[in-house]
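The values are calculated or read from the model by the stated rules, or taken from the named source; none is laboratory data. Everything quoted here is computed from the prediction, not taken from an experiment. Ideal geometry is used to build each Cβ from the backbone, glycine not excepted, and the neighbour counts take in all protein chains shown. Just the protein is used for accessible areas: all its heavy atoms, side chains included, with ligands, DNA and RNA removed. Shrake-Rupley method; radii C 1.70, N 1.55, O 1.52, S 1.80 Å.
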Amino acid sequence: MTGMAAAERQISEEGTNFLFDIRKKLDSLPYVYQRLFTLEALEDERFFIGREAELKTIETLYATWQRGQFACLSVVGEKGSGKTSLLNYAKEKIFSAIDVHTADLQSTVRTEKELIAFLAAALDVPETGSLDELEENILAQEATYVVILENLQRMFVRVPSGFDTLERFLLFISRTNSRIFWITTATLYSWQYLDRVINISDYFRRVLYLDDLPQQAIEEVVLKRHRVSGYQLVFETPEKLKKNRKFKALRTEQERQAFLQNYYFTRLNDIAMSNISIALLFWQNAIRSFSDEEIHLSPEIDFDHTFLNNLPPEKLFTLCALLQHEFLTPAQHAEVFQQSLEKSVLHLRAMADDGLLVEENGSYLAHRFLYRHIVRVLKVKNYLY
């Protein structure tokens with residue numbers, strides 16, 4: 001009001017260019033490296049690391065269900081934290097002797113009719129006129145099986161009537177528990193929101209949160225993939241480290257490389273915080289050059305994300321809603337924020353043009369490289385709890 005405060009900084013051109021150049025850089029890496037560092041869920045158990053306690057929890061709960069007790073599970077973690085990889089491993093190690101149906105909610109399910117169609121396809125049963133009918137057909141069968149339903153957060157929209165289908169599905173889970181061992185997955189911030197609104201945890205025997213992995217585990221996740229590539233790893237020495245007393249005291253190149261490796265992974269873990277997908281992305285982005293035999297990396301993680309602190313409230317509210325839903329179409333954004341579709345289209349496109357959002361199949365989601373930084377800013381400003 002007085003003109004004494006600093007003007008709000010918009011996203012810098014350098015930051016925007018950085019975000020848009022990431023995809024181009026990743027696409028330039030050797031093909032074998034791109035395949036090894038894909039963000040798709042793990043199928044190769046060689047790369048599965050650090051979730052032994054979680055597997056034991058799943059095994060124990062499954063044994064409870066086999067004894068005829070109520071038992072259903074939800075696995076909760078950030079997008080990219082390894083929920084699907086964990087359950088792929090569980091299918092091989094725990095559920096090998098029982099039929100397993102896996103279904104992924106690819107889009108938002110809002111009506112009972114849509115839910116019936118989705119469940120009928122997932123369970124490989126005929127469609128019915130109501131969920132009650134579908135429930136009766138399942139209970140009339142002698143067969144038992146496991147159902148893994150991914151992305152439960154895609155069954156609601158943050159509006160007054162946007163939870164009805166989800167609540168009806170949760171009732172369906174409890175009523176069919178004698179025939180089906182249900183496992184669902186959900187993103188962390190969606191789950192936290194749903195817990196405050198409808199107490200979703202009360203519908204499950206156990207909620208399995210994917211806690212932070214130690215730095216050693218994140219390091220092993222990355223380096224196992226690198227070793228399979230066959231490339232020799234070389235960390236470059238930043239100028240500021242050349243004057244570091246501890247670094248200068250190191251006598252051999254092997255000792256210096258070990259120091260630089262630890263230096264890098266300490267910073268990587270601070271950013272990724274057990275989000276495996278983000279760790280893999282930042283590792284690829286650290287690559288400076290490669291030859292037929294060597295991959296050269298910078299141990300510095302250079303990206304100025306402070307512009308997020310200066311985003312206007314309307315953009316922060318949108319980022320918060322995206323973390324709670326994972327993605328939103330312009331129509332859903334307009335519904336959530338009670339505004340015109342045209343205004344939501346312009347708003348989301350502007351945020352995508354700035355590099356904050358990515359558009360995929362008509363929906364918008366937060367840029368992966370900014371994910372951890374967005375979470376921190378939203379928590380500091382009390383948009384997320």
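Overview of results
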item	result
The range 269-283, residues that are farther than 18 Å from residue 34 by Cα, part of a helix (DSSP H, G or I) and open to solvent by less than 10 Å² (accessible area, probe 1.4 Å)	272
Selection within the range 222-274 - farther than 30 Å from residue 78 by Cα and under 29 Å from the mean Cα position of the chain (by Cα)	230, 231
Any hit, the range 158-179, residues being modelled with pLDDT under 95 and aromatic (Phe, Trp, Tyr)	no
Failed condition for residue 98, given (1) farther than 16 Å from residue 172 by Cβ; (2) open to solvent by 40 Å² or more (accessible area, probe 1.4 Å)	(2)
Matching residues in the range 211-225 - criterion: being open to solvent by 20 Å² or more (accessible area, probe 1.4 Å) and either closer than 20 Å to residue 59 by Cβ or not in a loop (DSSP other than H, G, I, E, B) (or both)	211, 215, 216, 219, 220, 224
Close pairs from the range 93-108: first in contact (Cβ under 8 Å) with a residue 24 or more places away in the chain, partner open to solvent by 70 Å² or more (accessible area, probe 1.4 Å) and assigned to a loop (DSSP other than H, G, I, E, B), Cβ under 7 Å, at least 6 apart	101/124
Residues (small (Gly, Ala, Ser) and free of Cβ contacts under 8 Å to residues at least 60 places away in the same chain) located in the range 275-297	286, 289, 291
Options 83, 91, 79; residue that is surrounded by fewer than 20 Cβ atoms within 10 Å (Cβ to Cβ) and either modelled with pLDDT under 95 or at negative phi (or both)	91
Residue match in the range 255-266 (condition: polar (S, T, N, Q), more than 19 Å from residue 220 (Cα to Cα) and either touching a strand residue (DSSP E or B) at 6+ places or on another chain (Cβ under 9 Å) or in contact (Cβ under 8 Å) with a residue 12 or more places away in the chain (or both))	no
